[in-house]
Amino acid sequence: MRRGTFREGTVDYAAVGATHAPDLMQYPPENSTPAEDSWRIGSGEERFRTAADALLSWTAQRAAGLELSDVRPASGDTYTGISFDSEGAPIAPSRSQVEQRYDAEGTPFVAPGTTLRLRGRAGGMRADAELRVISVTEERRRVGFVLGTVGGSVVSGEECFDIDWREDTDEVWFTVRAFDAPVSLLYHLPGMVRRRRRELFARYLRAISPLYATPV
């Protein structure tokens, strides 16, 4: 198992790690809108590993039509601080050092403390942002990471991406959880934050799932 997070105070919101909280949908951070959805994307170990590698190489973002740039891994062990368990509670610091991986184009894989810029639009709405990887989980049956906004976005908050290979059913599930607080004046209008989030969730699903079909 590998877990890691960055030190707090480097993002533009206070509730760091709140996407791990089991009661996120009932008690989101103040002034934010929560969102959560899960999709079955297949079954078996091969499907799990393929989806996990895709997730950690930014496929959800890239295939959703968003452009990555200035992807920078954290240096040294600056970002090997507190992690969170499945209930959202902090756990002991991890000091294990894992070799940084890169894709065929030389872009660093997801790792704790990595910073990046995203540019693009989702359903006509801006998806530009400066982001930091809050935490990464790599376990035998679960792989995922959390992204937090640093600045330059119409909203502030977190996104949590998880691929789970369920032991009881052999099914592989892709889950995205998020909370967004409006920054831009436009996104203070009723429904705008939810509309933007629904479009992003649909794009992430198309990017990761070979079983995706447009809902009726």
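Every number here is computed from the coordinates shown, using simple stated rules; none is lab data. Please read all numbers here as calculations on a predicted model, not as lab measurements. Every residue, glycine as well, gets a Cβ built from its backbone with ideal geometry; the counts of neighbours run over all protein chains shown.
Using modelled amide H (1.01 Å from N, peptide plane; none on Pro or chain starts), what sits under 5 Å from the amide H of Gly42, excluding residues fewer than 5 places away?
Close amide H contacts, sequence-distant or interchain: Val172.
How long, wide and thick is region 114-165, going by the Cα atoms along their three principal axes, in whole angstroms, largest first?
Principal extents (Cα only, largest first): 37, 22, 15 Å.
Taking the square root of 5 times each eigenvalue of the Cα gyration tensor, what semi-axes in Å does the equivalent ellipsoid of region 8-70 have, largest first?
The equivalent ellipsoid of region 8-70 has semi-axes of 27, 18, 11 Å.
At 20 °C and 1.002 mPa s, what whole-number value in µm²/s does Stokes-Einstein give for the translational diffusion of region 151-194, with Rh from the Kirkwood sum over Cα pairs?
For these conditions, the coefficient is 170 µm²/s.
Show me 23-35, 197-209 ranked by packing, highest mean number of other Cβ atoms within 10 Å first.
Per-residue mean Cβ counts within 10 Å order the peptides as 197-209, 23-35.
Students often check this: by mean Cβ neighbours within 10 Å, which of 54-63, 41-50 ranks highest, and how do the rest follow?
Taking the mean over residues of other Cβ atoms within 10 Å, the ranking is 54-63, 41-50.
How are the C-alpha pair distances of region 141-216 spread across 5 Å bins, as whole percents from the shortest bin up?
Histogramming region 141-216 at 5 Å steps yields 3, 13, 20, 21, 17, 13, 8, 3, 1, 0 percent.
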